[in-house]
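K.L.:
What follows is a structure written as structure tokens; I'll ask about it next.
The values are calculated or read from the model by the stated rules, or taken from the named source; none is laboratory data. The structure displayed is predicted, hence computed values, not measured ones. Glycine also receives a Cβ, built like all others from the backbone with ideal geometry; neighbour counts cover every protein chain displayed. Side chains are part of the model used for accessible areas, which takes the heavy atoms of the whole protein and leaves out ligands, DNA and RNA. Shrake-Rupley method; radii C 1.70, N 1.55, O 1.52, S 1.80 Å.
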Amino acid sequence: MARLTWHGHSCFTLVTDEGSEIMFDPFLTDNPVADIGPEQVRHLDYILCSHGHFDHFGDAIALAKRTDATIVGVYELVSFAQAQGVTKGHGMNVGGASAFPFGRVKLTPALHSGTVHGDEQGRYTAVATGFWLELKPKEGESRTRLYHAGDTALLMEMQLLRGQVDIALLPIGDTFTMGPEDAARAIEFIQPAIVVPMHYNTWPPIAQDAQAFARRVGARAQVSVLEPGGSLEF
Ligand code: NI
Ligand code: MN
């Protein structure tokens, strides 16, 4: 049984069947809705960062240094982390996949801006991405494909994910990413079984009613609304 825990915003911890502990978009320091602080993260194997904005990358370097986790993301972002003293990095680029002990990770397109938090000289401007994961199944079970969209607008490219995603983590906050209407259209494009809304209710500009979003989606997917600290097992 794999377990996906939401920490508010776009930050999740995924514990895979294979035993890897993965954090997506670490944002615990100064995250007003996070259920834990960074000091409560004891162990991580991988940190997947969708882009360099502080609300996705803010805790990545400190956590990677303390846990010796590998930072995975677009090449420039990983290079910046390594220039800051992170020892393990796995740089990739959009459309490319890599194999890891827990399965495969592909960087997906995202339409969003891409400065890197902490890069005072502006040398590491990077594109924003999402992640598609194909998790290794336990023997006799079926694989799970998980899509963390990162920060993005609705994209025609999401249609390419149709039939390839079991669980989709989609931003619904509006203002900085897709809002509920476009996220519902993304679900039509992708046709995932389960959707977990993210990147909302962190601050007033991205306040949303997740239950209203679930009603809007209706029968198109099962919307799993988590509270910070809440988990989904699959
Ligand atoms: Ni962003
Ligand atoms: Mn963001």
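K.L.:
For the chain, the longest stretch holding no trypsin sites (Lys or Arg not before Pro) located in a DSSP loop with at most 11 other Cβ atoms within 10 Å is which?
P.N.:
Longest run free of exposed loop sites: 124-234.
K.L.:
Still on this model: Give a residue-ordered list of calculated ³J(HN,Hα) values for the range 154-168 (Karplus: 6.51 cos²θ - 1.76 cosθ + 1.60, θ = phi - 60°; whole Hz; x for Gly, Pro).
P.N.:
4, 10, 4, 4, 4, 4, 5, 8, 4, x, 10, 10, 8, 10, 10
K.L.:
What residues have an amide H closer than 5 Å to that of LYS136, excluding those fewer than 5 places away on the same chain, when H is modeled at 1.01 Å from N in the peptide plane?
P.N.:
GLY103, ARG104
K.L.:
At 1.4 Å probe radius, can you tell me the per residue accessible area of the chain in Å²? Numbers along the way, then the final one.
P.N.:
Details: 9910 Å² over 234 residues.
Roughly 42 Å² per residue, with all protein chains present.
K.L.:
OK, next. Along the range 85-99, what does the Karplus equation 6.51 cos²θ - 1.76 cosθ + 1.60 (θ = phi - 60°) give for ³J(HN,Hα), rounded to whole Hz, x for Gly and Pro?
P.N.:
x, 6, 8, 10, x, 9, x, 9, 8, 4, x, x, 10, 9, 8
K.L.:
Farthest toward the dipole's positive end in the range 112-234, which of GLY122, PRO192, TYR147, given Cβ charges of +1 (Lys, Arg) and -1 (Asp, Glu) about the Cα centre?
P.N.:
The residue sitting most towards the positive pole is PRO192.
K.L.:
In the range 14-147, what percent of the accessible surface is made up of carbon and sulfur (1.4 Å probe, ligands and nucleic acids excluded)? Numbers along the way, then the final one.
P.N.:
Working: 2750 of 5870 Å².
C and S fraction of accessible area: 47 percent.
K.L.:
Which value in nm describes the separation of the simple spin-label points at TRP203 and PHE54, placed 7 Å from the Cα toward the beta carbon?
P.N.:
0.8 nm
K.L.:
Apply the Karplus curve 6.51 cos²θ - 1.76 cosθ + 1.60, θ = phi - 60°, to the phi angles in the range 221-234 and return the couplings in whole Hz, x for Gly and Pro.
P.N.:
6, 8, 8, 9, 8, 9, 8, x, x, x, 10, 10, 10, 8
K.L.:
Now, a different point. Amide H of LEU169 versus every other amide H placed in the peptide plane: which residues, excluding those fewer than 5 positions away on the same chain, fall under 5 Å?
P.N.:
Sorted by chain and number, the residues that satisfy this are TYR147, HIS148, ALA149, VAL196.
K.L.:
Moving to a separate point now. With a 1.4 Å probe and all protein chains left in place, how much of the accessible area of the range 161-234 comes from carbon and sulfur atoms, in whole percent? Kindly include the intermediate steps, with their values, before the conclusion.
P.N.:
Working: 1460 of 3220 Å².
In the range 161-234, the share of accessible area belonging to carbon and sulfur is 45 percent.
K.L.:
Quickly work out the SER231-to-GLN211 label distance, labels modelled 7 Å from Cα along the C-beta direction, and quote it in nm with one decimal.
P.N.:
Label-label distance for GLN211 and SER231, simple model: 2.5 nm.
K.L.:
Would you mind classifying the range 145-234 by shape? Square roots of the alpha carbon gyration tensor eigenvalues, ordered a ≥ b ≥ c; an a/c under 1.5 is rounded, otherwise it is prolate if a/b is larger than b/c and oblate if not. Please report the intermediate quantities before stating the final value.
P.N.:
Working: a/c = 1.56, a/b = 1.21, b/c = 1.29.
Judged from the Cα gyration tensor, the range 145-234 comes out oblate (a/c at least 1.5, b/c at or above a/b).
K.L.:
May I ask you to rank ILE36, ILE206 by accessible area, largest first, using a 1.4 Å probe over the protein chains only?
P.N.:
Working: ILE36 40, ILE206 0 Å².
Descending order: ILE36, ILE206.
K.L.:
May I pose another question? Could you sort HIS9, HIS112, HIS43 by their accessible area in this structure, using a 1.4 Å probe and putting the largest first?
P.N.:
So, going from the largest accessible area down, we get HIS43, HIS112, HIS9.
K.L.:
If you don't mind, another one. Mind checking the dipole of the range 33-188: about its Cα centre, +1 per Lys or Arg Cβ, -1 per Asp or Glu Cβ, Debye to the nearest 20? Please report the intermediate quantities before stating the final value.
P.N.:
Numbers: 13 positive and 19 negative charges, 119 e Å.
It comes to approximately 580 debye.
K.L.:
So what's Rg/Rh here for the range 182-228, counting alpha carbon atoms and using the Kirkwood radius for Rh? Mind showing how you got there, number by number?
P.N.:
Details: Rg = 10.6 Å, Rh = 11.1 Å.
My calculation of the ratio gives 0.96.
K.L.:
Something else: Apply 1/(1 + (r/R0)^6) to the Cβ-Cβ distance of GLU39 and ALA193, taking R0 = 35 Å, and write down the FRET efficiency to the nearest 0.05.
P.N.:
On the way: r = 35 Å, r/R0 = 1.01.
That pair, GLU39 with ALA193, gives E of 0.50.
K.L.:
With every protein chain in place, what's the accessible area of VAL127 (1.4 Å probe, Å², nearest 10)?
P.N.:
That residue has around 80 Å² of solvent-accessible surface.
K.L.:
Over all distinct Cα pairs, what is the inverse of the mean 1/r for the range 1-139, reported as the Kirkwood hydrodynamic radius in Å? Before the final figure, lay out the partial values.
P.N.:
Details: mean 1/r = 0.0673 Å⁻¹.
Answer for the range 1-139: a Kirkwood hydrodynamic radius of 14.9 Å.
K.L.:
Just need the relative contact order of the chain here, percent rounded to a whole number, with Cα pairs under 8 Å and 6+ apart. List each step's numbers first, then the result.
P.N.:
On the way: 601 pairs, mean separation 41.6, N = 234.
For the chain, the relative contact order is 18 percent.
K.L.:
In debye, nearest 20, what is the charge dipole magnitude of the range 94-142 about its Cα centre with +1 on Lys and Arg Cβ and -1 on Asp and Glu Cβ, if you could check? Provide the component values of the computation, followed by the final result.
P.N.:
Details: 5 positive and 5 negative charges, 23 e Å.
Computed charge dipole of the range 94-142: roughly 120 debye.
K.L.:
Name the residues whose placed amide hydrogens come within less than 5 Å of the amide hydrogen of PHE100, ignoring near sequence neighbours (fewer than 5 apart) on the same chain.
P.N.:
Here the answer is VAL105, since their amide H atoms fall under 5 Å of that of PHE100.
K.L.:
Can you give the Rg/Rh ratio of the chain, where Rg is from the C-alpha atoms and Rh is the Kirkwood radius?
P.N.:
On the way: Rg = 16.2 Å, Rh = 17.4 Å.
Rounded to two decimals, Rg over Rh is 0.93.
K.L.:
To continue, here is another question. Among rounded, prolate and oblate, which fits the range 100-203 when a ≥ b ≥ c are the square roots of the eigenvalues of its C-alpha gyration tensor, a/c under 1.5 means rounded, and a/b larger than b/c means prolate? Could you put the intermediate results ahead of the total?
P.N.:
On the way: a/c = 2.11, a/b = 1.33, b/c = 1.59.
Judged from the Cα gyration tensor, the range 100-203 comes out oblate (a/c at least 1.5, b/c at or above a/b).
K.L.:
Positive end of the dipole of the chain, charges at C-beta (+1 Lys, Arg; -1 Asp, Glu), about the Cα centre: which of PHE176, LEU44, TYR75 has its Cα farthest in that direction?
P.N.:
Result: TYR75.
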